[in-house]
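Just so you know, all these numbers are worked out from the coordinates, no wet-lab data involved. Keep in mind the model is a prediction, meaning the values are calculated, not measured. Neighbour counts are summed over all protein chains in view; Cβ atoms, including those assigned to glycine, are modelled from backbone coordinates with ideal geometry.
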Amino acid sequence: MSRSVETATVVQVHPDAAEFIHERGGRVYVWVDDDGLDHVRTEPPARGGDWTRYRDAGVEVSIDESAGAATTWTIMLRHLPWTRLDIASDLTMSGNTGAAPPGVLR
């Protein structure tokens, strides 16, 4: 299932990440697996998901409800130790007790 919504959620895709995503079809998916690990991929997971779609820099960003209810998402490109997409959210940067370290969605 997927849905498109207009909310106060902000999704930002860095320009180099947008180029990387465009070269791979223009879509990116964000979810957390059963072990609590975050994933940012250009292909959706085999398990499906309950996606909310956003658009920035010409990229369609689909965020699964498993990733949490952040109000700000930033997708960036990392180069070490290999080239890959990464994500940060206000859930990871809030400093709240129990918040996960940067780069971890929960």
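For the range 18-56, give me each residue that is closer than 18 Å to R84 by Cα and among the hydrophobic types (A, V, I, L, M, F, W, C).
The answer is A18, F20, I21, V28, V30, W31, V32, L37, V40.
If the Cβ limit is 7 Å and pairs must be 6+ apart or interchain, which residue in the range 64-89 that is surrounded by fewer than 17 Cβ atoms within 10 Å (Cβ to Cβ) pairs with which residue that is in a strand (DSSP E or B) and hydrophobic (A, V, I, L, M, F, W, C)?
Filtered contacts from the range 64-89: T71/V10; T72/V10; T83/L77; D86/V40; D86/M76.
Of the residues that make up the range 41-50, is at least one among the β-branched types (V, I, T) and either in contact (Cβ under 8 Å) with a residue 60 or more places away in the chain or in a strand (DSSP E or B) (or both)?
From the range 41-50, those among the β-branched types (V, I, T) are 42; that's our starting set.
Remaining after also requiring either in contact (Cβ under 8 Å) with a residue 60 or more places away in the chain or in a strand (DSSP E or B) (or both): none.
Checked against the condition, which is being among the β-branched types (V, I, T) and either in contact (Cβ under 8 Å) with a residue 60 or more places away in the chain or in a strand (DSSP E or B) (or both), the range 41-50 yields no hits at all.
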